[in-house]
Amino acid sequence: MTGMQLHISATRVFALLVAATAALAACSPDEGEIDWIRRPLGAICQVTVTGVGTKQVETDYVPHVVACENGGADTEALKAQAVAARTYMYYRVLNSGSICDSTACQVYTCSNKPQQKHYDAAKATAGQVLVWGGVVICAFYVAGAKPSTGDCKALSSDPDSTNSEKYVTCNAGKSGSGITQTTLGWVSPSNKYNRGCNSQNGANCLSLKGKSYPQILRFYYGDDIQLVTATGSCVTPAADAGPPPPDAFAPKLDAPAPELDQGLPGSDRGQVGDGLPPHPGDGLPPVQPPPQNPSNLGGGCSVLASGDVRPSIQLVLAVLALMGLSLRRRRP
C-alpha cells in the first residue's frame with residue numbers, strides 16, 4: 001500500500017455538501033416561524049363534527065361550544081373561551097380532519113343553547129387562534145378550582161369539584177422554554193403544541209377583575225403567545241378585536257373573587273368551569289409522546305423520541321458514505 005494516494009473529486013463532494021445543506025435547512029427548527037411570516041393562516045370556515053355533521057365555524061360552532069363549555073362566564077372570559085375553543089378546533093382539524101362532540105374533545109351539543117352574548121364573544125374574536133413557534137397550539141382548558149384569592153390563583157383549599165386544578169398553569173410573566181406545560185399533554189420543551197392550560201373558573205375571576213381576554217390568555221399560556229387572526233371569507237374581524245396589548249400581565253389585585261355565576265337554571269352544561277377538554281390520550285401525536293417512527297409528523301422534521309437518530313444525523317452519515325464512494329485509490 002506504500003505510495004497509495006486518495007483522490008477526492010472536489011466537484012462531486014461540493015455538490016453533495018450543497019445538497020446536504022439545502023436538506024438540513026428544510027428541517028430547520030425555525031421552519032414554522034418563517035412559514036407563518038410568509039403565509040397567513042387560512043381560516044377554517046366549516047368543521048365536521050362527528051355524529052352531528054358540518055357546521056359553520058364562526059356563526060354556529062364556536063357560539064355553541066362557548067355556551068356549552070362556559071356559558072355562564074363574564075364577558076371577557078367568554079371571549080377567552082371562544083379563542084380557546086376555536087384554537088382547539090383548528091388543532092384537531094389540522095391534525096385529524098374533524099372533531100368530536102363530547103368532553104373528549106369539546107362539547108357542541110347540550111341543552112344550553114347559545115344566547116346573544118355567546119354569539120357576540122365569537123364575533124368579537126372572529127378568526128382568532130393561539131399560535132406559538134409557528135404552530136396552532138393545543139389550547140388545553142379545564143374547569144379548575146374557584147379562586148378565593150385576589151390574584152385569581154387558586155389555593156389548594158379552594159373548591160375544585162372536577163379535580164382539575166392540577167392541570168392548570170399560571171404562565172403570567174413567562175415565555176419561551178420558561179413556561180409551565182400542562183400534564184394533560186406531552187411535557188417536553190420541544191413540544192410546541194403544549195403551552196399550558198386555562199382555568200375556566202380562573203378566567204371568569206380575572207374577567208370580573210377587569211382583565212381583557214388577551215390578558216387572560218397570556219396569564220395561562222404565556223406572555224409570548226400570539227393571537228393570530230386567520231384570513232378567509234368567514235372572518236370579519238370586529239372593530240374592537242386585535243392583538244394582545246403590549247403591556248405584560250402584572251396583576252395588582254387584592255379583593256377576594258366573587259362567587260361565580262353557575263349558569264342557567266336547569267342546564268346540564270354551560271356553567272362556569274364545567275368543561276374538561278381535551279382528555280389525555282386523544283390520539284393526536286403532537287400532544288402525546290411521539291411514536292417510535294414519527295416521520296409522518298411535520299414532514300420528518302418533528303421532535304423525535306429519546307434515543308432515536310435525528311434526520312439531520314442520518315443525512316450527514318449518508319453524505320459521508322457517498323463521499324467514501326467517490327474515493328479512488330491511485331497507485332504510482
- Query: Taking H as built 1.01 Å from N, whose amide H comes closer than 5 Å to the amide H of Gln46, not counting residues under 5 places away?
  - Reply: Val57
- Query: Among Trp186, Trp132, which comes first, second and so on when ranked by fewest other beta-carbon atoms within 10 Å?
  - Reply: Trp186, Trp132
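Using a 10 Å cut-off around each Cβ, can you sort Leu227, Leu94, Leu155 from fewest to most neighbouring Cβ atoms?
Ordered by Cβ neighbours within 10 Å, fewest first: Leu155, Leu94, Leu227.
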- Item | Residue order, fewest to most beta carbons within 10 Å, for Tyr88, Tyr220, Tyr213 | Tyr88, Tyr213, Tyr220
- Message: Take Ala104 and Ser175, extend 7 Å from each Cα along the Cα→Cβ direction, and tell me the distance between the two endpoints in nm.
- Response: 3.9 nm
- Task: Mind listing the long-range amide H neighbours of Thr231? Cut-off is under 5 Å, sequence gap 5 or more, other chains count too, H placed in the peptide plane at 1.01 Å from N.
- Result: Leu41, Gly42, Ala43
- Residue by residue through segment 189-205, which ³J(HN,Hα) values in whole Hz follow from phi under the Karplus form 6.51 cos²θ - 1.76 cosθ + 1.60 (θ = phi - 60°), with glycine and proline marked x? x, 7, 8, 5, 7, 9, 10, x, 9, 8, 9, 5, 5, x, 4, 5, 4
- FRET efficiency for Ser96 and Ser157, Cβ-Cβ distance as r, R0 = 30 Å, nearest 0.05? 0.15
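Any read-out appearing in this document is the output of simple, stated calculations on the displayed coordinates, not a laboratory observation. Computed from a predicted structure; not experimentally measured. Positions of Cβ are generated from backbone atoms using ideal geometry, with glycine treated the same way; all protein chains shown enter the neighbour counts.
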